[in-house]
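Reviewing the structure listed below.
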């Protein structure tokens, strides 16, 4: 029964939260612990908090205005019109009032209007107004506009639309962020805010349906980039070269209807993808020109053209869903391996390396052809962190639509081929639910790092008996999960060997930090200062910075006058903020873009005295060609050699000596920089992890 399953999950989860509360109180101050509690209790928001109310231009009498026009545009916006001047005016005003970052030209193709269109359009500065001598229909107007266009991309936009701010840049970004895209379509909304279309679905008989019609645009099912059967021609983008190679819109559908569906099938037949882009939001007053009655007028061509389409694409339609199928992500992604990933929180890759690893793992799954579904147990205050996942194409669930975990798994569990549970305190209470509701799925336990090992080292450093007991309980929980799942993932060979000693029959795979190799950055002579990067919700980082600032930096500063220590990381506790009072210490807190510090600071620091796992701060610096001075703990399991690709020291005097040596010695700096880049490329790049991902998720 769902109620009993919820109760069991709630009780198990409460026990682990209580244990984590005790650990937090031992490692952190009361304020930091309370912040963690508040993040759990803060009520979830219904929307992502970024979308706001729909924009509508003022309905005022016509007055001349200007549109942006570039002689070498990135995109040509083609708007076919036939009368309905006021709708066209609203559409153009929307483009003018919220000009895209992309360079554009706007082409209005007048298909023989006899209203104010012929008077108003010539008065709009920057508009390319093309008037056809007679009315030949939508397809002829669109193809005619495309023939006049200069842009790399053609953007077909109905005149009864109001594109929302940012729509075009989001639509065009689809081609840069995803591979092999041939056509991208917008999220269409009714004027009252309800969803009109989140990409179209075509059934095996050639009939079609606007996925998400009349639903909430905030529903997770419609919030991620997705391959679609087609996208409505009311707002689509396609490379001009591809459109021309396909012969434009097929004229056998003249005057209109099914030409956009046909184009999408032609794009796929050419080996390209058709993607729905939810961040390109466009209000569409459906049926303004042709109405909605398919028994008369232009709309009557819809029924005729359905037959033409079905005959033309008969072979392709054989693999489509049957008519009247209930549409859900489960069957829309039926041809893909479906992977559910559950973690405590949404990833925050600008704040911690574990989040960067998760985001890049999801990217790898996507690149390999899998469909990933992400379920965070808590999202309060972190809703904006879900957007990068949705842009990547990850189906991301959140309250209120996700509901309780037990009910989510009861409804959706049967569709997943693999379920990955991140962290022992997530996996332990969820394991019984996954086994019950997704018995067909392989279960992967991602330790993220071995929490018990980290806690044990913290207890040893502080000689804390209570924390030592907590560490033993954590280790017991991690071993219990690892002993029963299909595979356990750790981040280093050291942790793999540690786990295999205790569980010789368990399958353990290493999936380490995942980073993009950024390159060497600035040369030695143009770099200055020292930098540490790490979030301060992680207690080892607090200890590391306090130790360095108080015990190591003073002798460094005396030998390198004027050098500064830049401390970067969010959630700074008072004792870290207080370091700003020290001469040469700059506490930045959270920095959204740390690339300037990675590319411009001369030496990176990893002065960790305890911890576990692989240290993302070391990978991050090396990926930017920035050499690192670290402790033995910080380089554990990272394939690094002292004086070859890193400098290592564990006592304060030795650490200070290494920092000064590296800061002064250009030859040593260059050698460590080059070898560090090779280390990341060989062991911590996405390409290096691809084989492990295939074994874990695709091969079983």
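Annotations
- Complete set of residues in segment 552-592 that are on the phi > 0 side of the Ramachandran plot and either over 29 Å from the mean Cα position of the chain (by Cα) or assigned by TED's automatic domain parsing to the domain that holds residue 347 (or both): 562, 584
- Within segment 111-142, tally of residues that are crowded, with 21+ Cβ neighbours inside 10 Å and outside any loop (DSSP other than H, G, I, E, B): 7
- Some residue of segment 642-657 being assigned to a helix (DSSP H, G or I) and at pLDDT below 95: no
- Checking residue 645 against (1) in contact (Cβ under 8 Å) with a residue 60 or more places away in the chain; (2) closer than 30 Å to residue 456 by Cβ; (3) crowded, with 22+ Cβ neighbours inside 10 Å, the condition it does not meet: (1)
- Out of 660, 629, 693, one residue alone is modelled with pLDDT of 95 or more, surrounded by 15 or more Cβ atoms within 10 Å (Cβ to Cβ) and not in a helix (DSSP H, G or I). It is 629.
- Residue count for segment 418-468, restricted to those that are on the phi > 0 side of the Ramachandran plot and within 34 Å of the chain's Cα centre (by Cα): 2
- Among the numbered conditions (1) modelled with pLDDT under 95; (2) more than 18 Å from residue 513 (Cβ to Cβ), the only one that residue 614 does not meet is (2).
- On inspection, residue 500 qualifies as without any contact (Cβ under 8 Å) to a residue 60 or more places away in the chain, within 30 Å of residue 439 (Cβ to Cβ), over 33 Å from the mean Cα position of the chain (by Cα) and in a helix (DSSP H, G or I).
- Taking segment 95-110 as the range and being farther than 15 Å from residue 161 by Cα and in a helix (DSSP H, G or I) as the test, no residue passes.
- Looking across 506, 549, 544, 471, one residue alone is part of a loop (DSSP other than H, G, I, E, B) and more than 28 Å from the chain's Cα centre (by Cα). It is 506.
- Scanning segment 202-218 for residues that are in contact (Cβ under 8 Å) with a residue 40 or more places away in the chain, assigned to a loop (DSSP other than H, G, I, E, B) and farther than 17 Å from residue 186 by Cβ turns up 204, 205, 206, 207.
- If you go through segment 247-272 and keep only what is buried (at least 18 other Cβ atoms within 10 Å of the Cβ), within 32 Å of the chain's Cα centre (by Cα) and over 18 Å from residue 311 (Cβ atoms), you end up with 267, 272.
- Among the residues listed as 100, 122, 163, 80, the single one being under 19 Å from residue 283 (Cβ atoms), in the same structural domain as residue 234 (by TED's automatic domain parsing), modelled with pLDDT of 95 or more and more than 33 Å from the chain's Cα centre (by Cα): 80
- Segment 424-447, residues that are closer than 13 Å to residue 484 by Cα and free of Cβ contacts under 8 Å to residues at least 12 places away in the same chain: 435
- Scanning segment 562-578 for residues that are within 21 Å of residue 656 (Cβ to Cβ), part of a loop (DSSP other than H, G, I, E, B) and without any contact (Cβ under 8 Å) to a residue 40 or more places away in the chain gives 562, 564.
- Any hit, segment 528-546, residues being under 18 Å from residue 621 (Cα atoms) and surrounded by fewer than 17 Cβ atoms within 10 Å (Cβ to Cβ): yes
- The residue of segment 579-598 that is surrounded by the fewest Cβ atoms within 10 Å (Cβ to Cβ), among those that are touching a residue at least 24 places away in the same chain (Cβ under 8 Å) and more than 24 Å from residue 623 (Cβ to Cβ), is 583.
- Hey, residue 551 in contact with a strand residue (DSSP E or B) (Cβ under 8 Å, 6 or more places away or on another chain) and within 30 Å of residue 453 (Cβ to Cβ) or not: no
Residues are listed down the side, and each one gets a yes or a no for (1) over 15 Å from the mean Cα position of the chain (by Cα); (2) over 28 Å from residue 614 (Cα atoms); (3) surrounded by fewer than 23 Cβ atoms within 10 Å (Cβ to Cβ):
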| position | (1), (2), (3) |
| --- | --- |
| 358 | no, no, no |
| 383 | no, no, yes |
| 398 | no, yes, no |
| 406 | yes, yes, no |
| 414 | yes, yes, yes |
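- Residue-level analysis places residue 315 outside the set of residues that are surrounded by fewer than 18 Cβ atoms within 10 Å (Cβ to Cβ), at pLDDT 95 or above and either in a loop (DSSP other than H, G, I, E, B) or touching a strand residue (DSSP E or B) at 6+ places or on another chain (Cβ under 7 Å) (or both).
The values are calculated or read from the model by the stated rules, or taken from the named source; none is laboratory data. Predicted model, so just to flag it, every value in this text is computed and none were measured. Neighbour counts run over all protein chains shown; Cβ positions are idealised from the backbone, glycine included.
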